[in-house]
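Note sheet for the following structure.
The values are calculated or read from the model by the stated rules, or taken from the named source; none is laboratory data. Fair warning: this is a prediction, and the values are worked out from it, not measured in the lab. Quick reminder, even Gly has a Cβ in these numbers, built from the backbone with ideal geometry, and neighbours come from all protein chains shown.
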Amino acid sequence: MKALSALVSCALVATSQAHSIFQKVSVDGVEHGLLFGVRTPDGSYQNYPITSLEDPDFACNTGIVHKDNNVIDIPAGSKVGAWWGHVLGGPQWEVDTDNPIAPSHKGPVTVYLAKVDDAAAAEPTGLDWFKVGQEGLNTTTGKWGVDTVIENEGWWYFTMPACLAPGNYLMRVELLALHSAYAAGGAQFYMECAQINVVGDGTNVGENFVPFPGAYEDVNDPSILINIYDNTGTPNNALKPYVVLGPEPLTC
Ligand SMILES: *[C@@H]1O[C@H](CO)[C@@H](O)[C@H](O)[C@H]1NC(C)=O
């Protein structure tokens with residue numbers, strides 16, 4: 001009986017992957033449509049993570065199918081929302097407790113930009129990325145960026161830096177799930193890119209640039225290879241500080 005139930009639960013795990021995908025943008029509370037200006041995969045692997053730090057598609061994900069020519073205007077200083085769902089459209093089933101992402105998948109959320117000439121046409125490789133937003137772990141409450149995504153029914157918000165120079169950028173939103181990160185290669189990186197046009201009269205063109213792939217280099221980095229469970233099994237990193245990967249976000 002024990003063996004049977006183990007088998008059954010394995011089968012369940014195999015068919016219901018608790019993954020997530022970024023697929024919608026809002027600007028100052030105004031929502032754009034699903035996939036408007038956001039590049040995503042489709043099909044059975046649409047919501048799969050990347051686990052190799054050297055994956056050539058680490059910038060904007062692999063197997064991109066949905067890519068329109070819309071470029072989303074975003075005023076510098078505005079409140080930007082990135083919407084995550086379990087699958088394209090949100091829930092996978094009528095009652096989907098893994099939407100927008102399984103609550104077990106704790107970890108940080110980050111946003112990077114790369115300046116491009118034409119966001120609708122830009123290739124995602126070989127760009128210089130800088131960070132504009134992040135939420136890691138609150139060591140008082142044990143709340144992760146992922147918890148905010150779940151609390152806001154898929155939305156994660158940041159402020160587009162007010163000093164940012166106008167023009168086209170790719171906006172890369174990344175969610176890092178650390179529930180299995182206690183084993184090397186167990187960290188799950190989820191990311192998609194939106195095509196944006198920053199509007200304003202700022203002059204800041206970014207700082208502390210990093211490449212993707214390449215920004216995260218070391219599989220043994222304590223922010224990648226990490227056991228986030230305390231001695232009661234609570235995924236709060238024992239309320240010890242968690243260092244979010246990558247450079248500090250741009251501040252104006
Ligand atoms: C952590 O959470 C507490 C309680 O919600 C909040 O007062 C505090 O500002 C948070 N700390 C950070 C660094 O966000």
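Miscellaneous remarks
- Hits in region 103-133 - residues which are in contact with a helix residue (DSSP H, G or I) (Cβ under 6 Å, 6 or more places away or on another chain) and either outside any loop (DSSP other than H, G, I, E, B) or at pLDDT below 95 (or both): Val109
- Selection of first residues in region 126-146 that are closer than 15 Å to Ser223 by Cα and within 15 Å of the ligand (Cβ to nearest atom) and of second residues that are modelled with pLDDT under 95 and of a type in the set (A, V, I, L, M), restricted to Cβ pairs under 6 Å at least 6 apart or on distinct chains, gives an empty result.
- Of the listed requirements (1) over 16 Å from Asp73 (Cα atoms); (2) more than 16 Å from the ligand (Cβ to nearest atom); (3) touching a residue at least 12 places away in the same chain (Cβ under 8 Å); (4) not aliphatic (A, V, I, L, M), Glu123 misses just one: (3).
- Gly167 being surrounded by fewer than 23 Cβ atoms within 10 Å (Cβ to Cβ), within 20 Å of Val80 (Cβ to Cβ), touching a Leu at 6+ places or on another chain (Cβ under 7 Å) and modelled with pLDDT of 95 or more: no
- Residue ID - surrounded by the most Cβ atoms within 10 Å (Cβ to Cβ), chosen from residues in region 37-55 that are among the aliphatic types (A, V, I, L, M) and in a strand (DSSP E or B): Val38
- Lys79 surrounded by fewer than 17 Cβ atoms within 10 Å (Cβ to Cβ), on the phi < 0 side of the Ramachandran plot and in contact with a strand residue (DSSP E or B) (Cβ under 7 Å, 6 or more places away or on another chain): yes
- Of the residues examined, Pro235 is one that is touching a His at 6+ places or on another chain (Cβ under 7 Å) and surrounded by 14 or more Cβ atoms within 10 Å (Cβ to Cβ).
- If you go through region 153-193 and keep only what is within 16 Å of the ligand (Cβ to nearest atom) and either closer than 26 Å to Ile64 by Cα or within 12 Å of the chain's Cα centre (by Cα) (or both), you end up with Trp156, Tyr157, Phe158.
- Check on Tyr169, within 20 Å of Ala215 (Cβ to Cβ), touching a residue at least 24 places away in the same chain (Cβ under 8 Å) and among the hydroxyl-bearing types (Ser, Thr, Tyr): yes
- Unmet criterion (only one of (1) assigned to a strand (DSSP E or B); (2) touching a His at 6+ places or on another chain (Cβ under 7 Å)) for Pro100: (1)
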